[in-house]
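Okay, so here's the structure we're looking at.
Every read-out reported here was derived from the displayed coordinates using simple, explicitly stated rules and does not represent laboratory data. As the structure is a computational prediction, the values presented were derived from the model and not from experiment. All Cβ positions, even for glycine, are placed from backbone atoms using ideal geometry, and neighbour counts span all protein chains on display.
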Amino acid sequence: MRSKYWSAALIGASLVWAAPASAQNVKAGIDAWQRGDYAGAVAIWRPLAEAGDPDASFNMGQAYRLGRGVLVDLGTAQTWLEQAARKDHVDAQTTLGLLLFQNGNQAEGLKWLKMGSEKGDPRAMLVYGTALFNGDGVAQDPVLGYAYVSRSAAQGLEPARNTLAQMDEIIPLAQRKKGVALALQKAKTQPAAKSAPKPTQKVAQTTAPRAKAQPVTATIPANGAWRIQLGAFSQRSSAEALFRKLSGSAPVAGRHQFLVAAGTVTRLQVGPYSSKAAALAACGALSGRGQPCFPVAAK
């Protein structure tokens, strides 16, 4: 039986808001977003997205994914992200792949994550590379998987470094050498992806009021063998407060909190998730909020 090694993964479905210098109207939407005027930002981006602008389409997808300026609607978020992804928008390809993973569509998610990996996106390379290493949803190729995770780690993604260390414990030295050589080769032909400017920390952690989110239970499995762990707290009330804070976010909405006593601390776990991959993708989505997270098997 093969072992599966998945990162504890702050891979984040990106909070990147694309703004090339040539698209001043898209930039105006970003400025509105950073002022907390989410509805105004959406109003600017929508006609541009409808006209086919990939940056505006990506931003619309993010707005619907996060429920800012519009109600949370993961189906609509997926539509806008896919529109951008089909125009070779690397952030959209990776974010769409993670969103599909989160909702249990592993095969389609891997398709987009493969595209993001080929363009050097570190989040995509971590998830797709781990899937290759494990043979999870794709034909097993530990050398290529090691190469992708190596490239992700080289770009500074901490969960990739952790995953690479786990891989080092089981993959033979000869395969590691082949993986490193392949990573160097790909680095020459596939430069690291360049993300668009990120919002300021103030925006990423904003507490401005938002529209009430629609239920997303249709995309959430009734049961599953996986949860995500969001922290360990000396006070039970602190764990409960964090769950309340995150309960309206797309990765958590509709799921349950599990308060697990462990000595003097209380661990906050959320679930269920249909698979380890879905839990991993949920952790990736939460990383955009700066929230530590890793998948755990439900007991």
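The amide H of Gly231, built 1.01 Å from its N in the peptide plane, has Leu268 as neighbours under 5 Å, considering only residues 5 or more places off or on other chains. Each residue of the range 43-56 is assigned a 3J(HN,Hα), and the resulting list reads 5, 6, 6, 4, x, 5, 5, 5, 7, x, 5, x, 5, 5 Hz, derived from the Karplus form 6.51 cos²θ - 1.76 cosθ + 1.60 (θ = phi - 60°), x at Gly and Pro. With the radius of gyration and the Kirkwood radius both derived from the Cα set of the range 217-297, what is their ratio Rg to Rh? Rg/Rh: 0.94. Cβ crowding within 10 Å, taken as a proxy for footprinting-reagent exposure, orders Leu259, Leu242, Leu99 from fewest neighbours to most as Leu259, Leu242, Leu99.
Taken along the Cα-to-beta-carbon direction at a fixed 7 Å, the label points for Leu259 and Ala241 span 1.4 nm.
Taking amide hydrogens as placed 1.01 Å from N in the peptide plane, the amide H of Asp121 sits under 5 Å from those of Ala193, each at least 5 positions away in sequence or on another chain. The simple spin-label model puts a point 7 Å past each Cα toward its Cβ; for Glu158 and Leu71 those points are separated by 3.7 nm.
Please arrange Thr79, Thr189, Thr94, Thr266 by how many other C-beta atoms lie within 10 Å of their C-beta, fewest to most.
Sorted ascending by nearby Cβ count, the order is Thr189, Thr79, Thr266, Thr94.
Across the cross-link table entries Lys177/Lys276; Lys119/Lys188; Lys119/Lys177; Lys276/Lys299; Lys111/Lys188; Lys186/Lys276, which are compared at the Cα atoms, the separations over 18 Å belong to Lys177/Lys276; Lys119/Lys177; Lys111/Lys188; Lys186/Lys276. Residue exposure proxy: Asp31, Asp55, ordered by other Cβ atoms within 10 angstrom of their Cβ from fewest to most, comes out as Asp31, Asp55.
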